Amino acid sequence: MRFHHDLPVDDAGYYGRFGGAYIPEILHGNIERLTEAYYRYIDDEEFNAEFRGLLRDYVGRPSPLYKAERLSARYHTNIYLKREDLNHTGAHKINNAIASVLLAKRMGKRRIIAETGAGQHGVATATVCALMGLECVVYMGATDVARQQPNVERMKMLGARVVPVSSGNMTLKDATNEAIRDWCCNPDSFYVIGSTVGPHPYPEMVARFQSVISEEMISQLGEQTGRGYPDCVIACVGGGSNAAGAFYHFIDNQAVRLVAAEAAGLGVDTGMTAATMQAGSEGIIHGARTMVMQTADGQIVEPYSVSAGLDYPGIGPLHAFLASTGRTEMVAVTDRQALDAALTLTRLEGIIPALESAHALGALDLLEFAPDDVVVVNLSGRGDKDMHTYMKYFDNEKA
Ligand SMILES: *Cc1c(COP(=O)(O)O)cnc(C)c1O
């Protein structure tokens, strides 16, 4: 397969048999104009200078690559944390939000639509809209509005309108449906998708905007270890954007083991899971052919994870492809394993991770490493938004 912008994707947005753009007629014009603008600006010097300038001075990049000594000792290997949790707004989502809104501005758009699960993408998009003086509407499942209250309040203070969605199990899938519906009715708006999902060119575009993560790893590993690539990169996967960014520059380097951690929920065989690669089958969701959790007749099965950011019944087509070819190893990490891993990191390193990132940390228990391996865990976000959930679990256990 030909590599297009370093990704195994063809001109129609296919990663092997996954991807493409399965969209209603009414969205064709929108997608066409977006694709045109994306390819026009992605190599534009002025666009990239503005993007890079904001990443540095507004987000605080490069995010540190931190050697976690006590965690390394626990696992008898060398563990480095890519600190996306230290970005402005507390997660990797801001990288994509900035580039997407810069693109929207160049397309002359004044109104931005976004969907959000845990609220991190909503907060990132609302933040950039405040910065650039644009109107912002964020769709969020009513279940997530309740369990991610601090992020809802942040979005409101930033001036965004948060629209609770009460269809389905009222989480990310349902919010995405509503955002797409809005875009159909308002073609003059720009839809900022928060992950490597949706119709082409979104998965490619979002992966590209997040690729700064592995770009920085290369130079940071070079400085710290004398070798510009690790033995292993581990990232959690909801739709797949932090993993895509962390894997991006290593996909073609077979010396690097790539591990993607899905949310197993209560267990992949319990029916209460969000581990799409294990519990899903091929289908179409939100405009892309990919792996989907669905019934035999194609109805979406409601996913479950303790982590709102991983509670999605699909997976980006890039990851479906990389897993199906064996390039990535998929592991499924349960709620319990993620919660334990979060507490372990907190007590060994003084870092409270996002519940999503805790799934990547939980994968450490499921893998084996050599003592001189260099392992990078992408710490996609910080845990402030999850304190309520953490306290609920850890308090119950003390009682
Ligand atoms: C949104 C989110 C995720 C999951 O989304 P991906 O697109 O799979 O990266 C993971 N971690 C954090 C902190 C998030 O906010």
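Observations on the structure shown:
- Förster-model FRET efficiency, 45 Å R0, D365 and R106, C-beta, rounded to 0.05: 0.50
- Taking the empirical scaling 2.2 N^0.38 Å for compact globular proteins as reference, the range 56-133 has a Cα radius of gyration ratio of 1.40.
- Dipole of the chain, positive direction: furthest Cα of Y15, H286, H388, with charges on the beta-carbon: H388
- With 0.36 nm allotted per residue and the present C-alpha distance subtracted, the R336-A146 stretch has 66.2 nm of extension available.
- Computed extension length for D372-E50: 112.0 nm, one decimal, from 0.36 nm per residue of separation with the Cα-Cα distance subtracted.
- Mean-position separation - Cα centroids, the range 350-368 and the range 100-135, in angstrom: 29
- For the chain, share of DSSP beta bridges that run antiparallel, in % to the nearest 5: 30
- In sequence order, the range 364-378 has phi-based couplings of 4, 6, 9, 10, 10, 10, 8, x, 9, 5, 10, 10, 10, 9, 7 Hz under the Karplus curve 6.51 cos²θ - 1.76 cosθ + 1.60, θ = phi - 60°, and Gly or Pro positions carry x.
- The alpha-carbon atoms of the range 198-256, seen along their principal axes, cover 39, 18, 16 angstrom, with the largest extent given first.
- Residue-wise HN-Hα coupling along the range 275-290, computed from phi with Karplus coefficients 6.51, -1.76, 1.60 (Hz; x: Gly, Pro): 7, 5, 5, 8, 9, x, 9, 5, x, 10, 9, 6, x, 10, 7, 7
- Among the listed pairs K105/K385; K93/K385; K109/K173, those beyond 23 Å (Cα-Cα): K105/K385; K109/K173
- Net charge dipole size for the chain [Lys, Arg +1 and Asp, Glu -1 on Cβ; Debye, nearest 20]: 720
- Around the Cα centre of the range 224-296, unit charges on the Cβ atoms of Lys, Arg, Asp and Glu (plus for the first two, minus for the last two) sum to a dipole of about 140 debye.
- Computed extension length for A255-L131: 40.5 nm, one decimal, from 0.36 nm per residue of separation with the Cα-Cα distance subtracted.
- 11 Å beta-carbon shell around S214, net charge (K/R +1, D/E -1): -2
- Listing S211, S167, S324 from fewest to most neighbouring C-beta atoms within 10 Å gives S167, S324, S211.
- Qualifying chymotrypsin sites (Phe, Trp or Tyr not before Pro) for the range 14-55 [loop in DSSP, other Cβ within 10 Å: at most 16]: Y22
- Radius ratio Rg over Rh of the range 109-166, counting only Cα atoms, Kirkwood formula for Rh: 0.94
- Enclosed volume per residue, in Å³, of the convex hull spanned by Cα atoms of the chain: 129
- nm² value of the averaged projected area, convex hull over the Cα atoms of the range 114-269: 11.5
Computed from the coordinates by the stated procedures, all read-outs in this text should not be read as laboratory data. Model, not experiment: these values are computed from the prediction. Cβ sites come from the backbone with ideal geometry, for glycine too, and all protein chains shown count toward neighbours.
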